[in-house]
1. Which one of D:79, D:133, D:48 is farther than 26 Å from residue A:74 by Cβ, buried (at least 18 other Cβ atoms within 10 Å of the Cβ) and of a type in the set (Phe, Trp, Tyr)?
2. Assess whether residue D:124 counts as being touching a helix residue (DSSP H, G or I) at 6+ places or on another chain (Cβ under 9 Å) and either among the hydroxyl-bearing types (Ser, Thr, Tyr) or more than 20 Å from residue A:130 (Cα to Cα) (or both).
3. Among the numbered criteria (1) in a helix (DSSP H, G or I); (2) out of contact with any helix residue (DSSP H, G or I) (no Cβ under 8 Å at 6 or more places or on another chain), which one does residue B:117 miss?
4. Considering region B:140-163 alone, what residues qualify as being in a loop (DSSP other than H, G, I, E, B), surrounded by fewer than 24 Cβ atoms within 10 Å (Cβ to Cβ) and in contact with a strand residue (DSSP E or B) (Cβ under 9 Å, 6 or more places away or on another chain)?
5. Could you tell me whether residue D:100 is within 11 Å of another protein chain (Cβ to nearest Cβ), in contact with a strand residue (DSSP E or B) (Cβ under 9 Å, 6 or more places away or on another chain) and crowded, with 20+ Cβ neighbours inside 10 Å?
6. Pairs please, first residue from region D:82-97 and more than 17 Å from residue A:71 (Cα to Cα), second anywhere and assigned to a helix (DSSP H, G or I) and hydroxyl-bearing (Ser, Thr, Tyr), Cβ atoms under 8 Å, 6+ apart in sequence or on different chains.
7. Would you tally the residues in region B:42-82 being assigned to a loop (DSSP other than H, G, I, E, B), within 11 Å of another protein chain (Cβ to nearest Cβ), out of contact with any helix residue (DSSP H, G or I) (no Cβ under 7 Å at 6 or more places or on another chain) and under 23 Å from residue B:156 (Cα atoms)?
8. Kindly provide the set of residues from region D:103-118 that are surrounded by fewer than 20 Cβ atoms within 10 Å (Cβ to Cβ) and of a type in the set (A, V, I, L, M), ordered by number.
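Each reported figure results from applying straightforward, stated rules to the coordinates on display, with no laboratory input. All figures in this text were calculated on a predicted structure; none of them were measured in a lab. When we count neighbours, we look across all protein chains shown, and the Cβ atoms used for this are built from the backbone with ideal geometry, even at glycine.
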Number of protein chains: 4
Amino acid sequence: MTIKLNQLSKLTQKNTFIKFKILILLCLLYTGFSSAQITNDISHEEAFTAILAAKKEAEKSKVVVNIAIVDAGANLKGFIRMDESFLGSIDVAIKKAKTARFFNIDTGKLGELTQPGGIIYNIELSNDGLITFPGGVPIKNKKGKIIGAIGVSGGTIEQDRAIAIAGAKSILE
Amino acid sequence: MTIKLNQLSKLTQKNTFIKFKILILLCLLYTGFSSAQITNDISHEEAFTAILAAKKEAEKSKVVVNIAIVDAGANLKGFIRMDESFLGSIDVAIKKAKTARFFNIDTGKLGELTQPGGIIYNIELSNDGLITFPGGVPIKNKKGKIIGAIGVSGGTIEQDRAIAIAGAKSILE
Amino acid sequence: MTIKLNQLSKLTQKNTFIKFKILILLCLLYTGFSSAQITNDISHEEAFTAILAAKKEAEKSKVVVNIAIVDAGANLKGFIRMDESFLGSIDVAIKKAKTARFFNIDTGKLGELTQPGGIIYNIELSNDGLITFPGGVPIKNKKGKIIGAIGVSGGTIEQDRAIAIAGAKSILE
Amino acid sequence: MTIKLNQLSKLTQKNTFIKFKILILLCLLYTGFSSAQITNDISHEEAFTAILAAKKEAEKSKVVVNIAIVDAGANLKGFIRMDESFLGSIDVAIKKAKTARFFNIDTGKLGELTQPGGIIYNIELSNDGLITFPGGVPIKNKKGKIIGAIGVSGGTIEQDRAIAIAGAKSILE
């Protein structure tokens, strides 16, 4: 019995060793590529999830909006315009999402700094036009890493922000 | 008897007169609204349907694409970028959808006319840039009325066109 | 002794078990985040490396050029304009780098398809202007994954392409 | 003695004559080129130096930034985006550098004049968008002549300005 256990123990040790080597290899592989940044990007499934959650929130608030999702590179990933929502909100929603990702910030917070006398007055003129009132928020994954952003336009700024937050949070559930 | 018939005739005349007045009223009503066009526009639910059908077709063809939907006013209605698809195809897909609705035509057909020597050579320079190769098609409702358009970019032009057609047809089912 | 070995064995087993649990946890963590894409992006050190290698190649060819690097999201990461090189090549170099990343392709290869009669004729009008002649190439990491792109302008198209390739390859060394 | 003085005098006269001829030659040379301005422009080596000095200062301040250099013609000369720095700061850094050179001024100083009621209110709308808060400064050579400008974006406006100044000063060392 003891011998058998010992043999088992040795096998286990051998297995452990192999597993350990695999772990080291994985670590080395990881290190080997560490010169490039390893980033996290929103997937199209997550974009769908966020859009549908935002739309649901909009319907709950009885408001029609435009919802835009950009990826980690601030490129358009998903979009929907609810029926009867403002045509002018297409671009506003997209610019809100881009602005939120451009500066990793709630667009409303940015707007507090861009007013006359503000420390970054008129930054809106950069990047082909920023939108710096509420309705754009970064989207984070479970690790807290920003993987994109969502922009909402069509309701009041409070509604737009609440809908954007509902969309951003949905991918964590 | 004759009297009775006359009375009947009068009643009939009266009825006829009432019916005539209703007809005139309807005509007036119609005229009253005739200054505005009665349009048919794609709904966001139909846009979702078309996007999902196009995505399914793309997955079947083992290709990743960008899918854009514009409404009857050629304004962006819906969009999705499949993971790993070309970043440059965001704009191409949107421009294909817009081009298809701008001229109510399969973008590939338009491209036959825009070549050097073609009757509308370089029309691509209008409208902030048209895309005139295959991948954009109008979306029609069951009455055959154009209600928007779909643009697809990321695969071969044949794949893009087939995916766009699959998306456009899906709302008729 | 046997007992001691057994105890050791048990400790080892316990350790193994703990390591195994860590491994599983790591796997779960990985799976938990698998809904987001894990991408690879060029670092600024790699951008410097590529720019310097490209510049060295240009000097070897006795030509002065503009060198632009974009990241995985097609956003500008690095740039240098060599003394006496064309002012008009600033934008051409940046657009070459963007085009190469937009479609994950050697810009010269793309240009073969955009000529009159080509399958994607006039695609240059999308994305605020593409450049589809040689001088832009994707930058890949050691895994073969595209992490950005380099665009070179100022020499002949053959020189530009060779310089771009020298830059792209330098980060693999 | 007198003879010696005479001889010396003759020698001096001869020397004076030679010097006079040189002076005339120099004047002719100068006149020959006087139709073109003699400008001083930042070299790519100086651009590298400024970028690296700015990056070092940013690292010291534990902040990640975008650094842009423009030449005497306000054209992009060099650029680097530090890993994890804001995507929206690419354009802001470039616009800060351009603005600093456009008006040969610290962008923060310009911003004091562009506020509502200011003497050049909304000048930001010119030149495809100026940035008029701190972070852009002219680059001077040892003669005090402006040869370009540097723009920094990503930190606080105080950090951005300090980093820009560190970059600008580095080429004087």
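1. Going through D:79, D:133, D:48 in turn, the sole match is D:48.
2. Answer is no for this residue.
3. Unmet for residue B:117, out of (1) in a helix (DSSP H, G or I); (2) out of contact with any helix residue (DSSP H, G or I) (no Cβ under 8 Å at 6 or more places or on another chain): (1).
4. Matches in region B:140-163: B:141 only.
5. no
6. Short answer, once both residue conditions are applied: D:96/D:107.
7. 0
8. Correct list: D:105, D:113.
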